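Trainee: Encoded as structure tokens, here's the structure I'll be asking about.
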Amino acid sequence: MLEVVAEAPRSVRVAELARNLGLSRAAVHQQLVTLVAAGWMEQLDDGSYRLTLRPARIGQSALRQAGLGERVLPVMERLVDEIREAVSLAILERGTATIIQRLEPGRPLQVDLRAEAQMPISRSASGQVLLAYATERQLAELRELGADLPPEEELAGVRERGYATSEGRWLEGVLGIAAPVFDVHAQCVGALSIAGPSSRFDRDKGIHALQDAVAEINQVLSGRPKEASS
């Protein structure tokens, strides 16, 4: 039931669910009542049903437990050694860009997953990336939360470049660069970023190094074998 609703581009009605699942309307309605009571789904004024934000929160927790951070950590470590600035991995959660992994030059892992660092969704480079590659459902949920979303032209620019930058929009004097991380289904599951003082951060070097790093991470997460060098 949850999978069928999750794959729908909009809220769904009982008749539609019954048809897709091959069940009677009564059986579907009974399951919906249970899911609504448990907080997984909600009924709209027009009688249709949609997912609540609870599956999103569970899904983000699943990403952590699946070892997303652990699988990209070696690449992050190499990026820190090359750039000598802070490198972070963030996901979209509760209307913010939430850091689940962060490394700094010469220091061990800094983020306690029980108290994540959060960045503004529209003013940070990571937030812009997560918005640019978000699904329509995610964007709709963000609007319901009252999130201040940038115009579509700005997000389209991020997708065209393949990365986002933010200088002084969140933290004064800090330049941030972020790029998307994709899973095996080509869905954006996170944003890898580099951040450092604008006065010393080599923007072009940072962009090139970040793009190389996300290309390697996306290769790992895709499950495809690495192509042999010619």
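We did not get these values from a lab; they are worked out from the coordinates using the rules stated. Treat the numbers as computed from the prediction; the structure is a model and nothing was measured. Because the Cβ atoms are built from the backbone with ideal geometry, glycine has one as well, and the counts that use them run over all protein chains shown.
Trainee: Let's test the formula: R0 of 30 Å, r as the Cβ-Cβ distance of Glu167 and Ile58. What FRET efficiency results, to the nearest 0.05? All intermediate terms of the calculation are to be shown ahead of the outcome.
Mentor: Details: r = 35 Å, r/R0 = 1.17.
Result of the calculation: an efficiency of 0.30.
Trainee: Suppose R0 equals 45 Å. What FRET efficiency, 1/(1 + (r/R0)^6) with r the Cβ-Cβ distance, do Arg13 and Glu77 give to the nearest 0.05? Don't jump to the answer; show the numbers that get you there.
Mentor: On the way: r = 50 Å, r/R0 = 1.11.
In this case the efficiency is close to 0.35.
Trainee: To continue, here is another question. What are the trypsin sites (Lys or Arg not before Pro) within the range 1-44 that DSSP puts in a loop, where the Cβ has at most 13 other Cβ atoms within 10 Å? List each step's numbers first, then the result.
Mentor: Values: sites: Arg10, Arg13, Arg19, Arg25; in loops: Arg10, Arg13.
Answer in residue order: Arg10.
Trainee: Let me ask something else. For the chain, what is the largest minus smallest coordinate of the Cα atoms on each principal axis, given in angstrom and ordered from greatest to least?
Mentor: The Cα atoms of the chain stretch 64, 41, 34 Å along the principal axes, largest first.
Trainee: Within the chain, which is the longest segment containing none of the GluC sites (Glu not before Pro) that sit in a DSSP loop and have at most 11 other Cβ atoms within 10 Å? Kindly include the intermediate steps, with their values, before the conclusion.
Mentor: On the way: sites that count: Glu172, Glu227.
Here the longest segment lacking exposed loop sites spans 1-171.
Trainee: How high is the FRET efficiency between Arg84 and Thr135 when r is their beta carbon distance and R₀ equals 30 Å, given to the nearest 0.05?
Mentor: Numbers: r = 35 Å, r/R0 = 1.18.
E(calc), rounded to 0.05, equals 0.30.
Trainee: To continue, here is another question. Give, in nm to one decimal, the length gained when the segment between Leu149 and Lys205 is fully stretched (0.36 nm per residue of separation minus the Cα-Cα distance).
Mentor: Working: separation 56, 0.36 × 56 = 20.16 nm, distance 2.89 nm.
This chain segment gains 17.3 nm when fully extended.
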